[in-house]
Every structure is written in C-alpha cells, then in structure tokens.
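Participant: Structure below; questions to follow.
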Amino acid sequence: MVGVPLDPTIADRLRRDDSGLVCAVVQDDHDGRVLMVAWMDDEALRRTLTQGRVTYWSRSRQEYWRKGDTSGHIQLVRSVEIDCDGDALLLRVEQVGPACHTGARSCFDAGGTLPAVRGENAP
C-alpha cells in the first residue's frame, strides 16, 4: 500500500524513464566505493527518505525490496543527492555486509574490470 506521496518539490525535479524509474547509484559513505546501481520510483524514494533504509523497485520481480530484509546486508541512508538532469540519484550509505547478491562487497567487484580501448588521439 502506497503511503503519503513523495514531496512535490522533490518529485518535480525527477526525470523518470518510460517505466517511471530513476537510476540510483549507491556509494559507501565511509570510503566512497561505488557499491551497486539499482532503480527507484517515487514511492521507493519516499520510503528511502523517510525510513532511513534504502528501498528499491525490482524491475524483474515488479515489487519493492528493501535492501537487507532477507540477507541482513542492510543499507543505512547517510545522504541522497539528485544529479543536474534529475535522471539519477546518488545514495551514500552505511553498508552492513556485502552489497552484491553474489557476496562481493561491490557489484563492480563481482563484475570485474573491462579492458580499456585507447584511440589514436588518447593521451
């Protein structure tokens, strides 16, 4: 059940995709490491801003999920910023346990580094 709507001064700044979602980049508040990327709609953002724990919208399950409810690896909100275009959010969190469902600290640790391709004019 959806509660009180997202504050209109915040909602008006968001530029959502065709599914009504905004990209959420999640960063460790302690060391700045990017932990994961997920998606939020207005309700997920409202819950995150008012409850102190991060809630996302699962595109695959088509439902809300609060990080850590099943794994115990919770994300405590430290700050939320919106980018200049309104189409992305930066969440700084205190991460308890690994952030990735694979058990890695970061989803980018689990994914790995890609080889860089350098053009002729690259420095």
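The values are calculated or read from the model by the stated rules, or taken from the named source; none is laboratory data. Values in this document were obtained by computation on a predicted structure and should not be read as measured data. As a convention, Cβ positions derive from the backbone with ideal geometry for all residues, glycine included, and neighbour counts pool all protein chains shown.
Participant: Can you find a residue that is under 12 Å from the mean Cα position of the chain (by Cα) and of a type in the set (Gly, Ala, Ser) anywhere in region 44-64?
Facilitator: Within region 44-64, one or more residues are under 12 Å from the mean Cα position of the chain (by Cα) and of a type in the set (Gly, Ala, Ser).
Participant: Could you say which residue among 29, 87 is closer than 18 Å to residue 105 by Cβ, surrounded by 14 or more Cβ atoms within 10 Å (Cβ to Cβ) and out of contact with any Gly (no Cβ under 9 Å at 6 or more places or on another chain)?
Facilitator: 29
Participant: Condition first: in contact with a strand residue (DSSP E or B) (Cβ under 8 Å, 6 or more places away or on another chain) and not in a strand (DSSP E or B). Now tell me which residues in region 20-36 satisfy that.
Facilitator: 21, 29, 30, 33
Participant: For residue 38, state whether it is touching a Cys at 6+ places or on another chain (Cβ under 9 Å) and either surrounded by fewer than 17 Cβ atoms within 10 Å (Cβ to Cβ) or at negative phi (or both).
Facilitator: Spelling it out, residue 38 is indeed touching a Cys at 6+ places or on another chain (Cβ under 9 Å) and either surrounded by fewer than 17 Cβ atoms within 10 Å (Cβ to Cβ) or at negative phi (or both).
Participant: What's the number of the condition residue 113 fails, among (1) touching a strand residue (DSSP E or B) at 6+ places or on another chain (Cβ under 8 Å); (2) exposed (fewer than 13 other Cβ atoms within 10 Å of the Cβ)?
Facilitator: Every listed condition holds for residue 113 apart from (1).
Participant: Condition first: under 22 Å from residue 102 (Cβ atoms) and of a type in the set (Gly, Ala, Ser). Now tell me which residues in region 41-85 satisfy that.
Facilitator: 58, 60, 68, 71, 72
Participant: Also, I was wondering about something else. What number of residues in region 71-123 are farther than 20 Å from residue 58 by Cβ and part of a helix (DSSP H, G or I)?
Facilitator: Total meeting the criteria: 1.
Condition check ((1) modelled with pLDDT under 95; (2) more than 19 Å from residue 42 (Cβ to Cβ); (3) surrounded by fewer than 15 Cβ atoms within 10 Å (Cβ to Cβ)) across all residues:
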residue: 62; (1), (2), (3): yes, no, yes
residue: 68; (1), (2), (3): yes, yes, no
residue: 71; (1), (2), (3): yes, yes, yes
residue: 93; (1), (2), (3): no, yes, no
residue: 101; (1), (2), (3): yes, yes, yes
residue: 105; (1), (2), (3): yes, yes, no
residue: 108; (1), (2), (3): yes, yes, no
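Participant: Given the options 65, 57, name the one that is outside any loop (DSSP other than H, G, I, E, B) and touching a Ser or Thr at 6+ places or on another chain (Cβ under 8 Å).
Facilitator: Of 65, 57, the one residue that is outside any loop (DSSP other than H, G, I, E, B) and touching a Ser or Thr at 6+ places or on another chain (Cβ under 8 Å) is 65.
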